[in-house]
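The values are calculated or read from the model by the stated rules, or taken from the named source; none is laboratory data. These numbers were taken from a predicted model, which means no experiment stands behind them. No Cβ is skipped: glycine too gets one built from the backbone with ideal geometry, and neighbour counts run over all protein chains shown. The accessibility values were calculated without ligands, DNA or RNA, using every heavy atom of the protein model including side chains. Shrake-Rupley method; radii C 1.70, N 1.55, O 1.52, S 1.80 Å.
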Amino acid sequence: MFIPLEPTVDADSAESGARNGRRRVQISSKLQAANRRADVIGALRKARQQLPGDPSFGDPLSVSGPGGARAVARVADRIAGGAPTAAREIGFGALQVWQAALERVGRGRGTEEVTIVFTDLVGFSSWALAAGDERTLDLLRKVAKAIEPPIAERGGQVVKRMGDGLMAVFSSPDRAVRAALAARRNLEDVEVQGYKPRMRVGLHTGSPREIGGDWLGVDVNIAARMMEAGGNGNTMISSTTMAALRPETLTDLGVTAKLYRRNFWAAPLNGVPEDVKIFKLTPA
């Protein structure tokens with residue numbers, strides 16, 4: 001009868017394996033530490049300013065929604081846990097270049113001109129932390145009832161909802177502006193236990209590419225940056241949208257468009273071409 005022998009382990013080999021294991025752990029620990037070093041992350045973010053495409057790629061506005069490079073970016077962000085790391089910046093840098101390449105060959109642009117609208121609530125996150133889940137949900141429901149019907153009534157399509165904001169598209173810039181101002185008026189009646197939300201809005205007209213129910217491309221980024229320029233609750237439109245509006249639209253709405261001049265100390269709006277101007281809508 002054959003009796004299998006127990007394998008023998010050489011003592012030197014075991015010690016060598018243990019040393020290699022400890023060395024790998026040390027290297028891994030050093031890499032993890034470097035991955036989270038603020039100076040390394042800062043240097044990589046600065047380097048991204050020199051890469052093609054939008055250096056803000058990877059922020060919440062640029063990775064929301066399904067489809068294209070942003071879907072991959074969103075997965076990468078989840079894997080990184082949303083925490084700033086060197087690996088995260090390297091990954092977003094590569095995706096930023098990829099998205100820019102798609103734009104250059106025309107894959108980031110569609111054939112249909114639409115007006116893109118972004119909205120969000122000013123200071124919502126800070127209020128929600130103190131208000132709690134029940135009040136927050138109550139507010140979001142009331143906000144949705146205030147701002148979404150004007151969009152649908154004027155032929156707009158809500159592409160996606162992003163917590164306290166949304167993205168919508170319109171085939172007509174005039175309808176988009178009318179819907180945005182109607183939504184703002186409705187929001188004036190919304191209040192939850194003394195808190196009255198303020199909404200900022202950004203509009204831009206262009207030819208983004210529709211993929212899987214979402215819209216991607218540089219024009220989407222520009223619309224999002226228009227909203228960012230809205231500060232504490234303004235409605236901002238691009239010069240492209242201004243040029244596409246009928247002459248009587250702003251007059252009928254009782255508003256005027258004033259050229260927006262960025263504060264000298266304010267951060268630049270990355271992703272907005274130099275030839276695209278920003279206007280703020282104010283009561284006439």
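Worth a mention:
- Residue in the stretch 230-243 that is exposed (fewer than 11 other Cβ atoms within 10 Å of the Cβ) and modelled with pLDDT under 95 present: yes
- Being under 30 Å from K142 (Cα atoms) and either in a loop (DSSP other than H, G, I, E, B) or basic (K, R) (or both) is a property that does not hold for P247.
Results for (1) open to solvent by 10 Å² or more (accessible area, probe 1.4 Å); (2) over 28 Å from K46 (Cα atoms); (3) in contact with a helix residue (DSSP H, G or I) (Cβ under 8 Å, 6 or more places away or on another chain), shown as yes or no for each residue.
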| residue | (1), (2), (3) |
| --- | --- |
| L250 | yes, yes, yes |
| T256 | yes, yes, yes |
| L259 | yes, yes, no |
| L269 | yes, no, yes |
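- Where A223 falls short, out of the listed (1) assigned to a helix (DSSP H, G or I); (2) open to solvent by 40 Å² or more (accessible area, probe 1.4 Å); (3) closer than 14 Å to G165 by Cβ: (2)
- Qualifying helices (runs of 4 or more DSSP H) (wholly inside the stretch 105-193; at least 3 residues being out of contact with any helix residue (DSSP H, G or I) (no Cβ under 7 Å at 6 or more places or on another chain) and open to solvent by 80 Å² or more (accessible area, probe 1.4 Å)): 124-131, 133-153
- The number of residues in the stretch 226-244 that are part of a helix (DSSP H, G or I), touching a residue at least 40 places away in the same chain (Cβ under 8 Å) and not hydrophobic (A, V, I, L, M, F, W, C) comes to 3.
- Among the residues making up the stretch 131-164, those that are of a type in the set (A, V, I, L, M) and more than 17 Å from V201 (Cα to Cα) are A131, L137, L139.
- Selection from the stretch 176-197 of residues that are in contact (Cβ under 8 Å) with a residue 60 or more places away in the chain and charged (D, E, K, R): R178
- Flag for T111 being polar (S, T, N, Q) and at pLDDT 90 or above: no
- Selection of the stretch 250-284 for residues being closer than 21 Å to A182 by Cβ and either among the polar types (S, T, N, Q) or in a helix (DSSP H, G or I) (or both) yields L250, T251, D252, L253, T256, T282.
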